[in-house]
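Chemist: I'd like to ask you about the structure that follows.
The values are calculated or read from the model by the stated rules, or taken from the named source; none is laboratory data. Here the structure is a predicted model, which is why all the values come from computation and not from measurement. For neighbour counting, all protein chains shown are included, and Cβ atoms are generated from backbone atoms with ideal geometry for every residue, glycine included.
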Amino acid sequence: MPTEQTLIQRWQAGDERAAEALYQQHYKRVFRLAYGLLGDAAEAEEAAQDALTYALINIGRYESRLSQFSTWLHTITVSRCRDRQRKRRLATFSLTRWLGWGKEPAAPTANPEGRLVAKETQNAIWTAVQNLSPPLREAIVLRHWGGAAGDGHTYREIADIVGCPIGTAQSRVRLAYQQLSQRLAASELALLAEENWS
């Protein structure tokens, strides 16, 4: 299987199969990021398609010496999501639905009461995340769910994606945790920090 850099070079040389391979390789992660920011599957699908299409059409603008392709692509995705957020008020949705997108179903909890508690915990976390200001929500979503394996971005990558200094990215994540700690029980906050929801 060709490397990402090989696919980029082949697409820059006009190989349409390389463009299709890049699209397929990145769609799921871009969709997941857009879904985390927008909270609506249809809008996230449109934002993901828009971001990927823009990136592939403008592949000549990508410079590997400045960032990884996924960082550049996530920057475009965040920008497209911001555009959509300006057009509407962000809706809330179930964290379990977002986390389960494209994944195997989770193992059932031993009893109905345990499942109910787990669902309530996930909903409480997701509601708290959705109530953060857009810059803090972007930072926390990118930190926990935006990376290549769903394991989150580094502070440097967050700074590059949202277009701010690294100190600002760190500050936004810290402020998001502070605000979440005021809204969530200690066990819920620990679950957010420890599991990264991957």
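Chemist: In this structure, does Thr168 turn out to be closer than 21 Å to Leu33 by Cβ, among the β-branched types (Val, Ile, Thr) and modelled with pLDDT under 85? If you could, list the steps in order and put the result at the bottom.
Modeler: Numbers: closer than 21 Å to Leu33 by Cβ: yes; among the β-branched types (Val, Ile, Thr): yes; modelled with pLDDT under 85: no.
No.
Chemist: Ala34: crowded, with 21+ Cβ neighbours inside 10 Å, on the phi < 0 side of the Ramachandran plot and part of a helix (DSSP H, G or I), yes or no? Quick ask: steps written out before the conclusion?
Modeler: Working: crowded, with 21+ Cβ neighbours inside 10 Å: yes; on the phi < 0 side of the Ramachandran plot: yes; part of a helix (DSSP H, G or I): yes.
For Ala34, the condition - crowded, with 21+ Cβ neighbours inside 10 Å, on the phi < 0 side of the Ramachandran plot and part of a helix (DSSP H, G or I) - is met.
Chemist: Checking the structure you have, find out if any residue of the range 6-26 is under 19 Å from Val162 (Cα atoms), part of a helix (DSSP H, G or I), hydroxyl-bearing (Ser, Thr, Tyr) and not assigned by TED's automatic domain parsing to the domain that holds Gln130. First the steps, then the outcome.
Modeler: In the first step, residues of the range 6-26 are kept if they are under 19 Å from Val162 (Cα atoms); the result is 26.
If we keep only those that are part of a helix (DSSP H, G or I) too, we end up with 26.
Add one more test, that the residue is hydroxyl-bearing (Ser, Thr, Tyr), and what stays is none.
No, the range 6-26 contains no residue that is under 19 Å from Val162 (Cα atoms), part of a helix (DSSP H, G or I), hydroxyl-bearing (Ser, Thr, Tyr) and not assigned by TED's automatic domain parsing to the domain that holds Gln130.
Chemist: Does Arg89 satisfy being at pLDDT below 80 and farther than 30 Å from Gln68 by Cβ? Break it down into steps so the answer makes sense when it comes.
Modeler: Working: at pLDDT below 80: yes; farther than 30 Å from Gln68 by Cβ: yes.
For Arg89, the condition - at pLDDT below 80 and farther than 30 Å from Gln68 by Cβ - is met.
Okay, residues lined up against (1) at pLDDT 70 or above; (2) outside any loop (DSSP other than H, G, I, E, B); (3) under 15 Å from Arg32 (Cα atoms):
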site	(1), (2), (3)
Lys103	no, no, yes
Thr109	no, no, no
Arg115	no, yes, no
Ala139	yes, yes, yes
Leu175	yes, yes, no
Ser198	no, no, yes
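Chemist: In this structure, is Glu4 more than 23 Å from Pro135 (Cα to Cα) and touching a residue at least 12 places away in the same chain (Cβ under 8 Å)? First the steps, then the outcome.
Modeler: Details: more than 23 Å from Pro135 (Cα to Cα): yes; touching a residue at least 12 places away in the same chain (Cβ under 8 Å): yes.
In short, yes.
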